[in-house]
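The values are calculated or read from the model by the stated rules, or taken from the named source; none is laboratory data. These figures come from a predicted structure and were not determined experimentally. Here the Cβ positions follow ideal geometry from the backbone for every residue, glycine too, while neighbour counts run over all protein chains shown. Please note that ligands, DNA and RNA were not included when accessible areas were found on the heavy atoms of the full protein model with its side chains. Shrake-Rupley method; radii C 1.70, N 1.55, O 1.52, S 1.80 Å.
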Amino acid sequence: MNILRPIIYLAFISYFAATFLFTMPDNYVSLQFYHQQQVFQQWLFQRWGFFAPPPNYDERLYYEFRDKLTRQTKTFEVMEPIVTLKQQKAPFNWHEDIVDYLLSGSMTGIGDDLHDMRQDLIYRNKQAGKSATDTSGEHMLRETIQHGISFQTLRNYAAIVAQKNRLDTARHEVRLILSHVMLPKFADRFSTKPRREEAYFISDYVTLNR
Amino acid sequence: MALFKYLLSLEEKNRYSFYLAVFRIFVCFHLIKTILFQWAYLDILYGANSFVSPVPTFITELLGIPTHFLREHYQWFITAYLLIIVLYLFGIGKHFTALLLFLCYETLQRMCNLVLNGGDNLMKFIMLYMVFADSYQYFSIKAGQFRNQTLRRLSNLGSNLCVRAITLHFCMIYFWSAWHKIHAEVWFNGVATYYTFSIGRFKGTPWNDFLARNGVFVTISTYFTLIVEVYFPVLVWFKKTRLVVVLCGIALHLGIYVFMMIYGFEIIFIMTYGFFFKDEEWQAFLNKLISRINRKAKWKLPTFAEFHPEPQVYAGR
């Protein structure tokens, strides 16, 4: 016990010191251990910034199906009906809850990736002496997002939406439009103006087959 | 010197044996409930043909089990997972079962991380810490104590440090959560709950809109949330303020449960509060409650000290 005791306490203190260090917001000290933090988060992922800040929008996910031959389009929005059902069936809403988390989580993933990549692009353009992003940059962003896991999940769900609406998946291709319907500011909470909607990602047309 | 004496005292007795057992039971029922709620959608969440794009599970890959193999046979994995939960529920296999359960839970989380929230994140760490705890003194098929003094002291130390780890981690969660919130303008200016009550995904009741438009309610609820998260990590360590701050925390989490449709997360956080009370405090509370029930209903329920027999002492391994 005399040998084990210091080992146990050292391990305990070291673990919590590491946990404290690697969960704090980025700062000069924590960034010195960036690589160690990545390894730590890979094994023991944790993020504790709940609703900080809370979203100030409702999410909308539009699937725009286009007939490959006739070029006719049909658009379906999927988030609002799921959220409405989730509210109506609360607290017995685990089906809607699961689908909501799957879709919303993927949309949030795309939004976060877009934000990070745009920041990186702006920085690179500044370094190169450019004052604004060009279309090739936007095209690269879109391509990168469309190869990501979050987009693949939403694209796969498009096939389910197509089947529900009796669309032939072989004959149609789909475009995803992700948008935010902004909540009015607190000071405008009694306003009767229609809420502003902003699309933050519009994909290319992709096939429905995996 | 006083610190050294305190640290030595952690080896004398498992001070949280009762609540560790209670929480073990809660963990098992919570995990079973989650799987039951997901039952109709297991194929979507964990199957090979799901629309959810797969990510590597990492841990199973380290053991040489490819993720796609796990997804193709997810039914067997879920069956094994449920079996391990049942074993843990009855305290069979003790620390080994606890470790297996943690590994399965971690793997399941990685198989589909989109449906997870902060409660699942906290649960993962609690289950990791409970691998080292003796949570089998109550509500298990065979409670026991090591005859070997070193093993007994190690077991007690592991259990007490497990609870200390849970409580410290819990306080750290509140601390960083408050830190992030204060940095956000909407929390600082007392309007955050207007947004949390108004988002469609989390609008739990028809009264959310009415409450969100009430400036007084929004200000009080926003600052109440901040104050609880800021002061909980400090005040919970003092006997005089512990109960008050725990009750405030329960009120906060119940409010989120009702008004924001976030269920599992809140129950996990509320149940974790129990680790801030030692066996003696739980015993006193339960005895008081049982005496009151016996007095009012004229029953003869046994009190806590009478109910629990002495654990068997068995040879150290």
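Under the definition of partner shielding as Cβ atoms of other protein chains within 10 Å of a residue Cβ, what is the mean value for peptide A:181-193? Don't jump to the answer; show the numbers that get you there.
Working: counts 1, 0, 6, 2, 4, 13, 3, 0, 9, 1, 0, 0, 0.
Going residue by residue through A:181-193 and averaging, the value is 3.
At A:L4 and A:Q41, where each label point lies 7 Å from the Cα along Cα→Cβ, what is the point-to-point distance in nanometres?
Taking the two extended label points, one gets 3.6 nm.
Show me B:272-280, A:87-95 ranked by packing, highest mean number of other Cβ atoms within 10 Å first.
Numbers: B:272-280: 18.6, A:87-95: 14.8.
Descending packing order for the listed peptides: B:272-280, A:87-95.
Might you tell me the accessible area per residue for the protein assembly as shown, computed with a 1.4 Å probe and given in Å²?
Working: 27610 Å² over 527 residues.
Ligands and nucleic acids excluded, the figure is 52 Å² per residue.
How high is the FRET efficiency between B:I227 and B:I270 when r is their beta carbon distance and R₀ equals 30 Å, given to the nearest 0.05? Each step should come with its number before you reach the end.
On the way: r = 18 Å, r/R0 = 0.60.
After rounding to 0.05, the efficiency reads 0.95.
If you take each beta carbon of peptide B:144-151 and count the beta carbons of other chains within 10 angstrom, what is the mean? Mind dumping the intermediate values first?
Numbers: counts 0, 0, 0, 0, 0, 1, 3, 1.
So the per-residue partner count for this stretch is 1.
Taking the simple approach of a point 7 Å from Cα along Cα-to-Cβ for both B:L211 and A:T70, what is their distance in nm?
A separation of 4.9 nm, rounded to one decimal place.
Relative to a virtual label point 7 Å from the Cα of B:E61 in the Cα→beta-carbon direction, which members of region B:112-134 show backbone nitrogen distances below 14 Å?
Counting backbone N atoms under 14 Å from the label point, the list is B:112.
What is the packing order of peptides A:140-147, A:158-165, taking the mean over residues of other C-beta atoms within 10 Å and listing the highest first? Intermediate values should be presented prior to the final figure.
Details: A:140-147: 14.8, A:158-165: 16.4.
Going from most to least packed, we get A:158-165, A:140-147.
Given the alpha-carbon gyration tensor of region A:4-43, what are the semi-axes of its equivalent ellipsoid in whole angstrom, ordered largest first, with each equal to the square root of 5 times an eigenvalue?
Details: eigenvalues 101, 22, 11 Å².
Calculated on Cα positions only, the semi-axes equal 22, 11, 7 Å.
Once Rh for region B:175-300 is found with the Kirkwood sum over Cα pairs, what is the Stokes-Einstein diffusion coefficient at 25 °C and 0.890 mPa s, in µm²/s? All intermediate terms of the calculation are to be shown ahead of the outcome.
Working: Rh = 16.5 Å.
Answer, rounded: 149 µm²/s.
When the helix-only estimate is applied to the protein assembly as shown (DSSP H runs of n ≥ 4, each -39,500 (n - 2.57), divided by the residue count), what is the mean residue ellipticity at 222 nm, nearest 500 deg cm²/dmol?
Working: 24 runs with 325 residues, N = 527.
Mean residue ellipticity at 222 nm (helix-derived): -19500 deg cm²/dmol.
Please compute the length gained on full extension between B:W237 and B:L3, using 0.36 nm multiplied by the number of residues separating them and subtracting their Cα-Cα distance. Can you show the working numbers first?
Working: separation 234, 0.36 × 234 = 84.24 nm, distance 1.63 nm.
Result for the pair: 82.6 nm of gain on full extension.
At a probe radius of 1.4 Å, figure out the B/A buried accessible area, summed over both chains, and give it in Å² to the nearest 100. Don't jump to the answer; show the numbers that get you there.
Values: alone 18180 and 15330 Å², together 27610 Å².
That pair of chains buries around 5900 Å² in total.
More than 37 angstrom separation, counting every C-alpha pair in chain B; what % is that?
Values: 13370 of 50086 pairs.
That fraction is 27 percent.
How much net charge surrounds B:H253 when only other residues with a Cβ under 14 Å from its Cβ are counted (Lys, Arg +1; Asp, Glu -1)? Could the numbers behind the result be given before it?
Values: positive: none; negative: B:E229, B:E266.
Summing Lys/Arg as +1 and Asp/Glu as -1 gives -2.
In region B:17-144, how does Rg compare with the Kirkwood Rh, expressed as the Rg/Rh ratio over alpha carbon atoms? Intermediate results must be reported in sequence, preceding the final value.
Details: Rg = 14.8 Å, Rh = 15.1 Å.
Radius of gyration over Kirkwood radius for region B:17-144 works out to 0.98.
For the pair A:K89 and B:K300, what calculated FRET efficiency results from E = 1/(1 + (r/R0)^6), where r is the Cβ-Cβ distance and R0 = 56 Å, to the nearest 0.05?
Details: r = 44 Å, r/R0 = 0.78.
Plugging the Cβ-Cβ distance into 1/(1 + (r/R0)^6) gives 0.80.
Counting only protein heavy atoms and using a 1.4 Å probe, what share of the accessible area of region B:223-281 belongs to carbon plus sulfur, as a whole percent?
Values: 2100 of 2680 Å².
Taking all protein chains in place, region B:223-281 shows 78 percent carbon and sulfur surface.
So what are the three principal axis dimensions of the protein assembly as shown from its Cα atoms, in whole Å, longest to shortest?
Principal-axis extents of the protein assembly as shown (Cα, largest first): 80, 57, 57 Å.
Based on the alpha-carbon gyration tensor of region A:57-207 and its eigenvalue square roots a ≥ b ≥ c, which shape applies: rounded if a/c is under 1.5, prolate if not and a/b is larger than b/c, or oblate?
Working: a/c = 1.86, a/b = 1.18, b/c = 1.57.
It is oblate, given that a/c is not under 1.5 and a/b is not larger than b/c.
Peptide A:79-92: average number of partner chain Cβ atoms within 10 Å per residue? Show your work: numbers first, answer last.
Working: counts 2, 1, 0, 2, 5, 2, 0, 6, 9, 0, 1, 7, 5, 1.
Rounded to a whole number, the mean comes out at 3.
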